[in-house]
Amino acid sequence: MSHFIMLNLPTFTDPRGSLTVLEKALPFDVIRTYWIYGADGQTRGGHRHTYTRQALVALSGKVSMYMNDGVTEETIELNRPSQCLLVEPEDWHTMTFSESAVLLVMSSHPYNLNEYIDTPYERASYD
């Protein structure tokens, strides 16, 4: 079980294909939406936010999400379009993309470079 919140979105499948619904599922209003693609084998992100919350869905391919909230660190695989990972402002995150992966990102605020925190949490040392 993950420390971070993963929503399993309702999905309806029949012989014509699948339809996944994202309706009233997010704990914030979506102000900005964008998607990342063509990042085959690349790692992106490497930041956390002051106040922006995000919801991430891998529409195709696989995206490995490294998450660290200063207490818990975990790598989560997004590989189904019915999975939606919530990223809170305190969550340091990086995304590593498989070939042909497409990541949909929905944000609670517009882009503002000044609210990005580029300093990762220090890893705990166990002596």
* How many residues are basic (K, R) and not in a strand (DSSP E or B) when one looks only at region 19-45? -> 1
* Please find, within region 58-75, the residue that is modelled with the lowest pLDDT out of those that are under 18 Å from P120 (Cα atoms) and among the aliphatic types (A, V, I, L, M). => V71
* Structure fact -> Pairs returned, first residue in region 44-69 that is more than 22 Å from N8 (Cα to Cα) and touching a residue at least 60 places away in the same chain (Cβ under 8 Å), second residue that is surrounded by fewer than 21 Cβ atoms within 10 Å (Cβ to Cβ) and among the hydroxyl-bearing types (S, T, Y), beta-carbon separation under 6 angstrom, 6 or more apart or interchain, are G46/T94; H47/Y116
* Looking only at region 78-127, and only at residues there that are among the aromatic types (F, W, Y) and modelled with pLDDT of 95 or more, the one that is nearest to G61 (Cα to Cα) -> F97
* **Residue among T20, T72 that alone is in contact (Cβ under 8 Å) with a residue 60 or more places away in the chain and farther than 17 Å from L104 by Cα** => T72
* Structure fact -> Log entry, pairs with first residue in region 87-107 being at positive phi and without any contact (Cβ under 8 Å) to a residue 12 or more places away in the chain, second being surrounded by fewer than 22 Cβ atoms within 10 Å (Cβ to Cβ) and among the β-branched types (V, I, T), beta carbons closer than 6 Å, six or more apart or on different chains, reads none
* Asked: Given the residues I31, I36, which is the only one that is exposed (fewer than 15 other Cβ atoms within 10 Å of the Cβ) and either of a type in the set (D, E) or at pLDDT 95 or above (or both)?
  -> I31
* Structure fact -> (1) buried (at least 17 other Cβ atoms within 10 Å of the Cβ); (2) of a type in the set (F, W, Y); (3) more than 12 Å from the chain's Cα centre (by Cα) all hold for Y51 apart from (1)
* Structure fact -> Considering residues that are touching a His at 6+ places or on another chain (Cβ under 6 Å) and closer than 25 Å to E73 by Cα, the number found within region 29-52 is 2
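The values are calculated or read from the model by the stated rules, or taken from the named source; none is laboratory data. The structure displayed is predicted, hence computed values, not measured ones. A quick note on method: Cβ atoms are made from the backbone with ideal geometry, for glycine too, and the neighbour counts reach across all protein chains shown.
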